[in-house]
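Reading through the structure tokens given below for one structure.
Just so it is clear, none of the values below were taken in a lab; they were calculated from the coordinates. As the structure is a computational prediction, the values presented were derived from the model and not from experiment. Here the Cβ positions follow ideal geometry from the backbone for every residue, glycine too, while neighbour counts run over all protein chains shown.
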Amino acid sequence: MKTEISFLGVKFDNPIVLASGILGVTAASMKRCIDLGAGGVTIKSLSMEPREGHVNPTMAGYDNYFLNAVGLSNPGVKEGVKEIIKFKKMCSAPIIGSIFGGSVEEFGETAEIICESPIDILEINISCPNVKEEFGSPYAYDPKAAAAITKKVKEATSKHNIPVSTKLSPNAWNITEIAKACKEAGADAVTAVNTVSGMTIDTSFQTPLLTNKSGGVSGPALKPIAVKAVWDVYDACNMPIIATGGVTSGDDAIEMMLAGGELVGVGSAVFWRGPEVFKIIVDEMKQYMTNNNIDSLASIIGKAHTS
Amino acid sequence: MKPTIVKILNIEEEAENVLTFTLDYPALNSRPGQFVMLWLPGVDMKPFSIASDDGKELKLSIFKVKKFTTALFEAKIGDKVGVTGPFGNPYSWKQGAHVLAVGGGYGSAPLAYLINEAKKDDCTFDLFIGARRKNLLLYSNKFPEEFTHIATDDGSEGHTGYVTEILEEKIKKLSSKDKKRAVVYVCGPELMEVAAAKVSQKYNIPSQISVERFMKCGFGVCGQCCIDDTGEPMCIQGPVLSGEHALSLPEFGKYHRTKAGAVEKY
Ligand SMILES: Cc1cc2nc3c(=O)[nH]c(=O)nc-3n(C[C@H](O)[C@H](O)[C@H](O)COP(=O)(O)OP(=O)(O)OC[C@H]3O[C@@H](n4cnc5c(N)ncnc54)[C@H](O)[C@@H]3O)c2cc1C
Ligand SMILES: Cc1cc2nc3c(=O)[nH]c(=O)nc-3n(C[C@H](O)[C@H](O)[C@H](O)COP(=O)(O)O)c2cc1C
Ligand code: FES
């Protein structure tokens, strides 16, 4: 039984990768996710300057959804690079870098720095819904902006032969247009999706729970939205996809692959099933393979489109 | 993980710059060593160790530091606050153990909770409390004098010097029978914790240390509190670790991470 996936030329022992922003602040925390069964990890998104992020409460978990407005806290790309180097000393599993910025130039500068580190793939986060006041609407809503950033980042990554995946927003009504624009600008893949905008109000205090008021919804409530985004992008662009959003079980992950995901991002699931969730999901996928006589997971990618 | 909104029932002055807040929280079901996140809407949400939980009321002893704690110190009886938790790995003990509790700063708060619970399991106690000076001592007169031992840096009360020095003196004097059933429990400034863990190790007494890191979620999602080199989140795997495990971590006593996640040396 083969769970290996070769994604953009990088070998993953299994398709389950830690999504950006969950647990992945330090080398050690990412290594722990590998030990607990993940096929690869994505580091928490990095920016040029360190950021403290929003004021707490920044996260809340409920039965079927998770809401966050962490506000892209990170120690800055230079510190982040040290964690990436350390991670690669600790293990040989693939690591996906992740960057964001306030302008096309800043994305470019940040990319230049992170490309000096041993990342296997670089994810461009243009889709965080929680920093509107600072950065305006996510670039992921605008095909031109998404393309301009992808192009700029590619200038840095191509010198190092590092493939790029642009991370899309489920809030974009024209997600396939955005994906196409990114592909034309040189994106090797897309990550679909980031969180969808949401809010929850505390009825006792009669005020939004998050200090940032609005946040991003992830977890099971996001899954059907993510499946549709992956499906649409696969259909329209025929490009590799890191399918992310609401995966908490092996069956969810299989669903994402059938929709067209080559890798499957898993984040909020650790809230419901603990950090052991990576191994649990992979085991459940293997069970599915046994039950359905599937030799290799790679064979089911996009399969739902052919039936 | 909806915050429970509760009323402040009482506010008492505990020491200089320390207030104990009593909250109307029935059935929290916590264990000593665990913490809650306290929410003041519009201000922040921060972690605090549980100082007492009798199934009806929850007590937190809080040092005034900056923004959040200053805002909290302005709260009045009857005001409402939000609480999530309890979170984290608690202290544990065996029936009839001899508890050597070592507290510095607000560290005495969870240890007081530990003593009150372990009493029910026929444990015996020695409580060691340290502070820079007398006015900063927390919980130094809550327990019987015969088992309360005090150290201050300036000698304004008790032993002049570190609390770990009086811990070591006491351990040396323990009968071999008491030593066999002894466990050291520590909560306080990290360098004091390192010293206490080492003293315990030196005398072959197991220890349990509360290791605190910057916390955002409190429930193992954000990764902000993960410690090197195991990557364990201290909000779940900790705060209470065995002393041996804590001492094996290259981060313990050496550095921690800020709110942004940057390494900061002690
Ligand atoms: C598990 C745990 C238990 C704690 N128990 C108590 C307690 O019983 N009594 C008490 O007075 N204090 C306790 N603290 C510390 C308390 O959370 C901080 O003192 C408080 O958040 C300070 O907030 P501030 O806005 O007043 O000051 P700030 O200026 O925000 O912080 C001052 C210092 O407090 C610490 N701190 C601030 N925010 C956090 C955070 N989110 N997580 C961890 N540390 C932080 C940092 O060292 C910081 O430099 C505990 C911390 C942890 C992690
Ligand atoms: C607490 C939290 C922090 C996140 N931070 C980031 C981030 O820094 N960069 C990013 O690209 N996505 C971030 N995300 C989005 C996730 O990577 C992922 O796309 C989303 O949560 C959907 O997947 P899930 O349902 O498996 O969590 C964050 C999500 C959560 C819950
Ligand atoms: S505080 Fe978020 S993982 Fe511990």
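So in chain A, what percent of DSSP beta bridges are antiparallel if you round to the nearest 5? Around 35 percent antiparallel, to the nearest 5.
Here chain B is treated with +1 on each Lys and Arg Cβ and -1 on each Asp and Glu Cβ, and its dipole about the Cα centre works out to around 340 debye.
Between A:Met30, A:Met256, A:Met239, the residue with the greatest mean-square fluctuation in the GNM of chain A (Cα pairs under 10 Å linked by springs) is A:Met239. Per residue of A:49-62, other chain Cβ atoms within 10 Å of the residue Cβ number 6 on average. Compute the longest continuous run of chain B that contains no exposed trypsin sites (Lys or Arg not before Pro); treat a site as exposed when its DSSP state is not H, G, I, E or B and it has at most 12 other Cβ atoms within 10 Å. The answer is B:95-266.
Summing charges over neighbours of B:Phe128, with a neighbour being any other residue whose Cβ is under 11 Å away from its Cβ, gives -3 when K and R count +1 and D and E count -1.
So for the protein assembly as shown, what percent of the C-alpha to C-alpha distances run longer than 39 Å? When every Cα pair of the protein assembly as shown is considered, 33 percent fall beyond 39 Å.
With respect to chain B, whose longest principal axis is taken over its alpha-carbon atoms, helix B:190-202 is tilted by about 30°.
Annotation: lysines with alpha-carbon distance below 16 angstrom to B:Lys66 (same-chain offsets under eight excluded): B:Lys46, B:Lys259.
If you take all other residues with their beta carbon under 14 Å from the beta carbon of A:Phe66, and give Lys and Arg +1 and Asp and Glu -1, the sum is +3. Considering only B:Tyr25, B:Met45, B:Leu9, the residue lying farthest towards the positive end of the dipole of the stretch B:4-87 is B:Met45, judged by Cα position with unit charges set on Cβ. Counted residue by residue at 0.36 nm each, then reduced by the alpha carbon distance between them, the extension gain from B:Gln201 to B:Lys2 reaches 67.5 nm. Annotation for the stretch B:1-93: chymotrypsin sites (Phe, Trp or Tyr not before Pro) lying in DSSP loop with at most 14 further Cβ atoms inside 10 Å of their Cβ do not exist.
Each Lys and Arg Cβ is given +1 and each Asp and Glu Cβ -1; about its Cα centre, the protein assembly as shown then shows a dipole of about 420 debye. Helix B:108-118 and the long axis of chain B differ in direction by around 70°, with both axes built from C-alpha atoms. Partner lysines whose Cα lies under 21 Å from the Cα of B:Lys172, excluding those fewer than 8 positions away in the same chain, are identified as B:Lys180, B:Lys198, B:Lys202. For a straight C-alpha distance cut-off of 15 angstrom, the aspartates and glutamates reachable from A:Lys132 (same-chain residues fewer than eight places away being disregarded) are A:Asp142. Building the convex hull from the alpha-carbon atoms of chain B and averaging its projection over directions returns 13.4 nm².
For the stretch A:67-148, the Cβ-based charge dipole about the Cα centre amounts to some 340 debye (Lys, Arg positive; Asp, Glu negative; other atoms uncharged).
Listed cross-link partners A:Lys31/A:Lys279; B:Lys119/B:Lys142; B:Lys56/B:Lys134; B:Lys64/B:Lys216 are compared with a 24 Å cut-off, the Cα-Cα value being larger for B:Lys56/B:Lys134. Let me know the whole percent of all Cα-Cα pairs from chain A that are separated by more than 30 Å. More than 30 Å apart: 24 percent of the Cα pairs in chain A.
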